[in-house]
Amino acid sequence: MTVAVSADVLSRLKAVLGEGGWSQDPDRLAPKLLEWRDRWVGNTPFLALPGSTVDVSAVIGICHEAGVAITPQGGNTGLVGGQIPQGEILLSTERLRAIRDVDAFDDVIVAEAGVTLSAVHEAALAVGRRFPLGLASEGSATIGGVVSTNAGGTAVLRYGNTRDLVLGLEAVLPNGEIWNGLKRLRKDNTGYDLKHLLIGAEGTLGVVTAASLKLFPILASRATAIAAVDSPAIATRMLVRAKDIAGGAVEAFERMGRQGLEFVLKNIPNQRDPLTEPHPWYVLIEIASGQPGTAEAAMERLLSEGLADGLVRDAVVAQTEAQAKALWSVRENQSPGQKPEGATWKHDISVPVSQVAHFIESASEAMRAFVPGCRITAFGHMGDGNIHYDVIRPDGGDNARHSALRDQGSRMVHDIVASLGGSISAEHGLGSMKTEEARHYKSPVEVAALMAIRQSLDPKRIMNPRVLF
Ligand SMILES: Cc1cc2nc3c(=O)[nH]c(=O)nc-3n(C[C@H](O)[C@H](O)[C@H](O)COP(=O)(O)OP(=O)(O)OC[C@H]3O[C@@H](n4cnc5c(N)ncnc54)[C@H](O)[C@@H]3O)c2cc1C
């Protein structure tokens with residue numbers, strides 16, 4: 001339902017944004033109103049396309065005064081619906097595309113909110129540095145989006161989440177005021193830290209307009225491999241062993257099952273089965289080091305010891321950059337590969353690493369009893385205990401029937417997660433999809449404190465009102 005916004009507010013917004021700074025054209029709006037998995041279709045009376053932080057401030061100032069709600073949007077790759085407006089004004093950061101600075105002395109890059117993650121990678125490489133946050137969606141996901149969702153990705157094991165990579169932020173608060181906190185300090189211990197409130201706030205505490213981000217050296221040696229193992233429990237043993245052998249040099253440790261790989265081979269063009277025989281589970285391991293040859297040596301030792309004592313059934317090590325990309329491609333296409341298979345209940349959960357195998361066993365037993373014939377993919381960032389646990393309708397089954405059971409099935413999965421001390425959202429956030437579910441599991445004390453913070457910064461609740469508590 002589109003909420004009526006007064007003609008006066010619309011004409012004031014048009015005046016401050018100027019030509020090219022707004023749209024009400026349905027064709028221009030359409031791609032921004034559809035979520036990546038086609039799960040949410042939104043609507044909005046007005047698309048604001050601010051070209052500067054000052055423009056963002058003007059838009060939010062007008063909306064604050066008039067009590068008009070806003071949904072911020074970056075690359076529209078979010079997976080929990082938070083970026084899809086349901087009647088709010090849509091504020092897109094697509095014109096905030098400047099890289100303001102890249103500095104190899106301070107090891108920092110300052111990028112505006114609408115810069116894509118891939119563009120940040122390229123700008124860092126151009127000065128001989130690296131920004132280590134990696135997502136399969138990095139060609140579209142933006143800095144404002146990754147900051148606002150505290151995105152995780154493939155290298156969290158070594159570098160942490162986005163929160164660990166942000167040195168400073170510039171943002172417009174819900175009353176329209178600009179906060180310039182674009183520091184580039186590694187140490188700044190001066191009480192409450194506003195940037196940490198905004199990171200992961202999913203657009204509820206203001207609009208992030210720019211961020212200063214940590215850069216890292218480019219590592220001289222890198223080894224990428226896929227190894228086949230018999231079970232998630234053995235995959236966990238391989239993770240522990242990889243950390244022991246490579247020290248802090250394990251960059252990524254991802255897991256996927258045969259079912260997910262088969263979907264990729266069937267539904268995504270130009271993909272190859274990495275090994276000659278099928279196996280029930282696979283781990284993708286990446287080791288990287290500053291010393292030439294050491295990553296390769298650590299990988300060789302890890303795999304040869306694993307093969308010798310029967311933990312690893314078979315393995316392939318990439319010999320070229322192109323081969324490494326091909327191995328990553330089957331991992332990164334796990335989500336797109338299952339999309340054509342029909343209705344899916346998606347879970348982005350985490351449990352302590354020691355509980356990953358137990359979770360997969362318990363949840364799969366429960367799901368197979370609940371929906372006989374359902375197809376399960378359990379892939380993701382195993383090194384962080386993060387599992388993308390997806391339950392797809394039976395082959396040839398009915399989408400509507402499967403979707404109707406989603407809430408009940410997801411509650412069963414989340415109850416198992418909670419019983420293991422886990423989280424119902426490891427890295428995608430809560431958005432409009434999981435806020436109510438999170439309320440069920442969070443303590444009332446915590447929810448009340450979080451609501452008090454929001455109320456104090458945004459008393460009219462104009463910023464992404466459907467998202468978070
Ligand atoms: C194929 C695929 C793979 C993915 N892999 C991962 C993964 O490995 N790890 C992971 O963490 N996520 C992953 N994601 C999810 C998604 O890419 C991330 O959540 C990403 O951070 C979203 O960025 P975005 O620019 O697309 O944000 P959007 O989708 O546009 O917005 C996401 C949220 O942030 C808010 N927001 C956006 N920009 C701003 C801003 N400037 N200021 C304030 N609020 C803002 C929105 O209101 C919304 O609530 C994946 C998605 C896809 C499609």
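The values are calculated or read from the model by the stated rules, or taken from the named source; none is laboratory data. None of the values given here were measured: they were computed from a predicted structure. Counting neighbours? That spans all protein chains shown, and the Cβs are built from the backbone with ideal geometry, glycine included. Ligands, DNA and RNA are stripped out before the accessible areas are found, and what is left, the full protein with its side chains, is counted by its heavy atoms. Shrake-Rupley method; radii C 1.70, N 1.55, O 1.52, S 1.80 Å.
Within the shell of other residues whose beta carbon sits under 13 angstrom from the beta carbon of Pro372, the net charge comes to +2, with Lys and Arg scored +1 and Asp and Glu -1.
Computed on the range 2-45, the Cα convex hull volume stands at 75 Å³ per residue. A Stokes-Einstein calculation at 10 °C with viscosity 1.306 mPa s, built on the Kirkwood radius of the range 113-167 over Cα pairs, returns a diffusion coefficient of 143 µm²/s. Projected label points at Asp164 and Ser118, each 7 Å from Cα along the beta carbon direction, are separated by 2.6 nanometres.
Charging the Cβ of each Asp and Glu at -1 and of each Lys and Arg at +1, and nothing else, the dipole of the range 228-380 about its Cα centre rounds to 400 debye.
Counting only protein heavy atoms and using a 1.4 Å probe, what share of the accessible area of the range 233-309 belongs to carbon plus sulfur, as a whole percent?
On the way: 1810 of 3500 Å².
Carbon and sulfur atoms account for 52 percent of the accessible area of the range 233-309.
Percent of Cα pairs in the range 36-115 per distance bin of 5 Å, from zero to the largest separation: 3, 14, 21, 20, 16, 12, 8, 4, 2, 0.
Treating only the Cβ of Lys, Arg, Asp and Glu as charged (+1, +1, -1, -1), what charge dipole size does the range 1-134 show about its Cα centre? Round to the nearest 20 debye.
I would put it at about 220 debye.
For the range 280-382, the Cα gyration tensor yields ellipsoid semi-axes of 31, 18, 13 Å (square root of five times each eigenvalue, largest first, whole Å). If you average the C-alpha positions of the range 307-321 and of the range 205-258 separately, how far apart do those two centres end up, in angstrom? Distance between centres, Cα-based: 16 Å.
Legend: calculated FRET efficiency, Gln323 to Arg39, from the Cβ-Cβ distance at R0 = 41 Å, rounded to 0.05, equals 0.75. Over the chain, all Cα pairs binned in 10 Å intervals from 0 give whole-percent P(r) values of 4, 20, 29, 26, 16, 5, 1, 0, listed from short to long.
Full extension of the chain between Lys339 and Ala30 gives 109.2 nm of extra length, using 0.36 nm per residue less the Cα-Cα distance.
How do the peptides 166-174, 45-53 rank, highest first, by the average count of neighbouring beta carbon atoms within 10 Å per residue? If you can, show how the numbers build up before the last one.
Details: 166-174: 23.1, 45-53: 21.1.
Those peptides, ordered most packed to least, come out 166-174, 45-53.
Among residues other than Ser425 whose Cβ falls under 10 Å from its Cβ, what is the net charge (Lys/Arg +1, Asp/Glu -1)? After counting each charged neighbour, the total is -2. For the range 201-288, the C-alpha radius of gyration divided by 2.2 N^0.38 Å, with N the number of residues, is 1.47.
How much accessible area per residue does the range 207-250 have, counting only protein heavy atoms and a probe of 1.4 Å, in square angstrom? Write out the running numbers ahead of the final one.
On the way: 1360 Å² over 44 residues.
That works out to 31 Å² per residue.
The residue list Ile462, Leu311, Gly181 was ranked by how far each Cα lies along the charge dipole of the chain toward its positive end, using unit charges on Cβ atoms, and Ile462 comes out on top.
Over the range 1-134, what percent of the accessible surface lies on carbon and sulfur atoms, probe 1.4 Å?
Details: 2890 of 5370 Å².
It is 54 percent, rounded to a whole number.
You can think of it this way: the chain between Arg237 and Glu305 has 23.3 nm of extra reach, that is 0.36 nm per residue less the Cα-Cα gap.
In straight Cα distance, which aspartates and glutamates are under 16 Å from Lys214, not counting same-chain residues fewer than 8 positions off? Answer for Lys214, where 16 Å is the Cα cut-off: Asp101, Asp103, Asp106, Asp107, Glu112, Glu122, Asp164, Glu170, Asp188, listed by chain and number. Each of Arg100 and Arg461 was given a label point 7 Å from its Cα along the Cα-to-Cβ line. The distance between the two points is 3.3 nm. Sorting the Cα pairs of the range 391-441 by distance into bins of 5 Å, from 0 upward, gives 4, 17, 25, 23, 16, 11, 4, 0 percent per bin.
In the context of the full set of protein chains, residues of the range 44-190 present 35 Å² of accessible surface per residue (probe radius 1.4 Å, heavy atoms only).
What is the dipole size for the chain, taken about its Cα centre, with +1 at each Lys and Arg Cβ and -1 at each Asp and Glu Cβ, in debye to the nearest 20?
It comes to approximately 380 debye.
Shown for the range 325-418 is the translational diffusion coefficient from the Stokes-Einstein equation, using the Kirkwood radius over Cα pairs, a temperature of 10 °C and a viscosity of 1.306 mPa s: 116 µm²/s. Computed from label points 7 Å out along Cα-Cβ, the spacing between Ser403 and Asn189 is 5.2 nm. Helices in the chain, meaning DSSP H runs of at least 4 residues, each add -39500 (n - 2.57). Divided by all residues, the mean residue ellipticity at 222 nm is -10500 deg cm²/dmol.
Accessible area per residue, 1.4 Å probe, Å², for the range 315-399: what's the number? Kindly include the intermediate steps, with their values, before the conclusion.
Numbers: 3200 Å² over 85 residues.
Solvent-accessible surface per residue comes out at 38 Å².
In the range 140-235, taking the dipole from charged Cβ atoms about the Cα centre, the farthest positive-side position among Ser231, Ile199, Thr154 is held by Thr154. How would you classify the range 278-328 from its alpha-carbon gyration tensor, with a ≥ b ≥ c the square roots of the eigenvalues: rounded for a/c under 1.5, else prolate if a/b is greater than b/c, otherwise oblate? Because a/c hits 1.5 or more and a/b fails to exceed b/c, the range 278-328 counts as oblate.
Taking 0.36 nm per residue of separation and subtracting the Cα-Cα distance, what length does fully extending Ala7 through Asn175 add? Walk me through the numbers before you get to the answer.
Details: separation 168, 0.36 × 168 = 60.48 nm, distance 2.10 nm.
Full extension from Ala7 to Asn175 adds 58.4 nm.
Of all beta bridges that DSSP places with both ends in the chain, some 85 percent have antiparallel geometry.
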